[in-house]
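Here, each number is a calculation from the coordinates, and none is a lab measurement. Note that this is a predicted model, so its numbers are computed, not measured. Cβ: placed from backbone, ideal geometry, glycine included. Neighbour counts: every protein chain shown.
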Amino acid sequence: QVQLVESGGGLVQPGGSLRLSCVASGSIFSIFAMGWYRQAPGKQRELVASITRGGMPNYVDSVKGRFTISRDNAKNTVYLQMNSLKPEDTAVYFCNAAPPSFRNWGQGTQVTVSS
């Protein structure tokens, strides 16, 4: 089974930046489109960015122009560069395939945007 480990979250002021990383175990990472999801308190988990096997990105409108997703298949890692962060970006961020076909979600990484 694929194990996912997210890292890079933290507390940042509005307008700040963070870079999230997600490492996936196993040798099948490169055949999946991958995504970054987030879940804010009291809300459903949502997909905010995805990237195809070949590196084509896609974003939800609320993060377009601020977030950049990338991947390094040699390292089984997907990244999310988040710039111009807003308080409404506060959430726990997770990675998974897109759509989320890996059964075991990671623990996520908390992103808090606050002054």
Requested in this report: Kindly give Rg over Rh for the stretch 61-105, based on alpha-carbon atoms, with the Kirkwood expression for the hydrodynamic radius.
Outcome: 1.00
Query raised in the report: So what is the relative contact order of the chain, in percent, for Cα pairs below 8 Å that sit 6 or more residues apart?
Result: 38
**Report entry** Pairs of Cα atoms farther than 16 Å apart, the stretch 16-115, %
**Finding:** 52
Query - Dipole magnitude (debye, nearest 20) for the chain, charges at Cβ of Lys, Arg, Asp, Glu - result: 120
Query - Approximate shape of the stretch 24-83 as ellipsoid semi-axes (Cα gyration tensor, √5λ), whole Å, largest first - result: 21, 14, 9
Query raised in the report: Between S70 and Q44, 0.36 nm times their residue separation minus their Cα-Cα distance comes to what?
Result: 7.0 nm
Query raised in the report: Could you give the length gained on full extension between L11 and S62, defined as 0.36 nm per residue of separation minus the Cα-Cα distance, in nm?
Result: 16.4 nm
Requested in this report: Scan the chain and report its longest stretch carrying no trypsin sites (Lys or Arg not before Pro) that are both in a DSSP loop and have at most 13 other Cβ atoms within 10 Å.
Outcome: 1-42
